[in-house]
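First the structure, in the form of structure tokens, and then the observations on it.
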Amino acid sequence: MAEIAPFRAVAYDTARAGSLDRLLAPPYDVVSEAERARLSAKSPHNFVRLDLPEGDGDTKYTNAARELSAWLEQGVLRRDDRPALYRYHQRFAVDGKEFTRKGFVARVRLRRYEEGVVLPHERTLSGPRLDRLKLSRACRAHLSQVFSLYADPSRRVDAEFAGIEAKPPELEGRTDDGTVHRLWRLTDAGVQRRIASALADARLYIADGHHRYETMLAIRDELRSQARSSRSAVEYGLMFLTSMEDQGLVVLPTHRVVHGLRGFDREAFLQRLRNRFEVEEVRGAKPEELRSRLAAAGRKSSSFMLASSGRAFLLSLRPGQESAIPGAEPLRKLDVAVLHVLVLEELLGIDRAAQERQTNLRYVKDFAGALEEAKWADVQAVFLLNPTAVAQLKAVADAGEIMPQKSTYFFPKLASGLLIDAIDPAEDVPEGT
């Protein structure tokens, strides 16, 4: 079902561009204006200058295309001579524990969601899609990868990369979050074919980058008329793929902060919650204790923590109440779906449109930071969540359902600037790859 192929990536020539430490950037959608200025000051060739170009209106997209062309002419960026699959490791720490997430970057034939080969798990917004479409259209390139998962219990794909992993990485750099990014080129055509064969029957699940994937589909549709064959490069998108069984696959929760609601009465709200939830106040617990209590409760039923004005409450869904959530069973068992449908929408009146606009709602990744916000004068409630499991993501996607926005936070983010894929309708992917 999935078709992957090697490609000739465009990458930094560090002999000309300098250390990758000064060139890599986080994904565009997590970079603030202040962060953009700081990254840009690191190097005249920091990737943020392409991924978040400066300029008024659509001028910024023209500026990005001009910058990309100049860097190629100067040799700052160089296209590889041989097609490769690019082994990519990320070494990082969470709560004092070291991890290495392993995957690879390849071209993947683009499929619409309804074809059942590449599956989404979250909703998207039209604004970011349009921005990425204009940038890709101007640069004629996929500037970053979609992060996808596949099932491979026997780890056949990882075994094929063992040979090159024994050698020093060809590119290495550190991003400001402390993550070390390492890259190898696998150019052996026989090994490439074995990897493609191992994934030929796989489904791919988008972990991060839904907007980027939908942009790739739109670019494909725009340029199809210029293609010479059905194997044109426009038929393929750029993906980082990792197995669901990878030991370095870390998913963190994103907590919800409800603010600015008029007429909010906490005691009345708690009483209404008791119609569907077991409500237990947790007194005097430190953040780590609260997180442990929440994790233990989550192993028994859909649970989350409510923090409000210095008080904390453990909320556990009563048996049978999940039937009030529309959709397939995997969605009804999902903590974040329970929270959004039965609490944010039903009790607080924050409907789906308001959630997308982040009206009366914002998202916080740090547990302790979210607890602190619960003490702010304009904050009515903070909902603290357990992380969504990868198995839940797969089950929801297989059922054809979509999770609420920010249901998963795969940590760390992929680095932007490691690899670019040129979009050329006249270039064909060779048969047999």
Per the rule of 0.36 nm per residue minus the C-alpha distance, extending Ser225 to Ala354 adds in nm 42.5 nm
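Sum -39500 (n - 2.57) across every DSSP H segment of at least 4 residues in the chain, then divide by the residue count to get the 222 nm mean residue ellipticity, nearest 500.
That calculation yields -8000 deg cm²/dmol at 222 nm.
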Of the residues Ser316, Leu143, Ala2, the Cα lying farthest along the dipole of the chain towards its positive end, which is defined by charges on the beta carbon of Lys, Arg, Asp and Glu, belongs to Ser316
When all Cα-Cα pair distances of region 49-196 are considered, the percent exceeding 27 Å is 39 percent
So for R0 = 41 Å, FRET eff. of Glu165-Glu33 from the Cβ-Cβ r, to 0.05, ends up at 0.60
Rg/Rh of region 158-262 (Cα atoms, Kirkwood Rh), to two decimals, equals 1.06
For region 346-433, the count of lysine pairs 8 or more apart or interchain whose alpha-carbon atoms are under 22 Å apart comes to 5
1/(1 + (r/R0)^6) with r = Cβ-Cβ of Arg66 and Asp13, R0 = 25 Å, i.e. FRET efficiency to nearest 0.05, evaluates to 0.80
Yeah, region 353-433 with a ≥ b ≥ c from its alpha-carbon gyration tensor (a/c under 1.5 is rounded, else prolate when a/b outruns b/c, oblate otherwise) is prolate
Heads up, region 348-398 by the C-alpha gyration tensor (a ≥ b ≥ c square roots of eigenvalues; a/c under 1.5 rounded, else a/b over b/c prolate, else oblate) looks oblate
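With charges only on Cβ, +1 for K and R and -1 for D and E, what is the dipole size of the chain about its Cα centre, in debye, rounded to 20? Present the calculation step by step, with values, prior to reporting the outcome.
Details: 65 positive and 62 negative charges, 52 e Å.
The dipole of the chain has a size of about 240 debye.
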Ranking Val234, Gly190, Ala268 by how far each Cα lies towards the positive end of the charge dipole of region 130-277 (+1 on Lys and Arg Cβ, -1 on Asp and Glu Cβ), the top one is Ala268
Note: region 203-266 at 10 °C, 1.306 mPa s; Kirkwood Rh on alpha carbon pairs; Stokes-Einstein D in µm²/s works out to 99 µm²/s
Non-local residues with an amide H under 5 Å from the amide H of Arg318, with H modelled 1.01 Å from N and Pro and chain starts lacking one, are Phe277, Glu278
Counting sequence-distant residues (5 or more places) and residues on other chains, those with an amide H built under 5 Å from that of Leu119 are Leu204, Tyr205, Ile206
Cα-based Debye curve of the chain sampled at q = 0.12, 0.13 Å⁻¹ gives log₁₀ I(q)/I(0) of -1.04, -1.19
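Determine the dipole magnitude for region 26-163: charges of +1 sit on the beta-carbon of Lys and Arg, -1 on that of Asp and Glu, nothing else is charged, the reference point is the Cα centre, and the result goes in debye to the nearest 20.
360 debye
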The set of residues whose placed amide H lies less than 5 Å from the amide H of Gln405, leaving out same-chain residues fewer than 5 positions away, is Arg123
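Sort 7-18, 91-102 for me by packing, meaning the mean count of neighbouring Cβ atoms within 10 Å per residue, highest on top.
Highest mean packing first, the order is 7-18, 91-102.
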Using alpha-carbon coordinates alone, the radius of gyration and Dmax of region 250-379 in Å work out to 14.1, 39
Heavy-atom accessible area of the chain with neighbours in place, 1.4 angstrom probe: carbon+sulfur share in percent works out to 47 percent
Gyration tensor on Cα atoms of region 164-226, a ≥ b ≥ c root eigenvalues, a/c under 1.5 rounded, else prolate if a/b beats b/c, else oblate, says oblate
The extension gain from Glu278 to Arg311, computed as 0.36 nm times the residue separation minus the Cα-Cα distance, is 10.3 nm
Among Ala93, Thr62, Pro128, the residue whose Cα sits farthest towards the positive end of the charge dipole of the chain, when +1 is placed on the Cβ of each Lys and Arg and -1 on the Cβ of each Asp and Glu, is Ala93
With N residues in region 1-104, Rg(alpha-carbon) / (2.2 N^0.38 Å) equals 1.25
Rounded to one decimal in nm, the spacing of the 7 Å Cα→Cβ label points at Ala218 and Arg362 is 2.8 nm
Per GNM of the chain with C-alpha springs under 10 angstrom, the most fluctuating residue out of Arg266, Arg362, Arg87 is Arg266
With +1 at each Lys and Arg Cβ and -1 at each Asp and Glu Cβ, the charge dipole magnitude of region 293-433 around its Cα centre, to the nearest 20 debye, comes out at 1060 debye
For region 192-200, in residue order, the Karplus 3J(HN,Hα) values (coefficients 6.51, -1.76, 1.60; θ = phi - 60°; whole Hz; Gly and Pro = x) are 4, 5, 5, 5, 4, 5, 5, 9, 4
The rounded separation in angstrom of the Cα centers of region 75-131 and region 176-246 is 7 Å
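The values are calculated or read from the model by the stated rules, or taken from the named source; none is laboratory data. Remember, it's a predicted structure, so these values are computed and weren't measured experimentally. Neighbour counts are summed over all protein chains in view; Cβ atoms, including those assigned to glycine, are modelled from backbone coordinates with ideal geometry. Ligands, DNA and RNA are stripped out before the accessible areas are found, and what is left, the full protein with its side chains, is counted by its heavy atoms. Shrake-Rupley method; radii C 1.70, N 1.55, O 1.52, S 1.80 Å.
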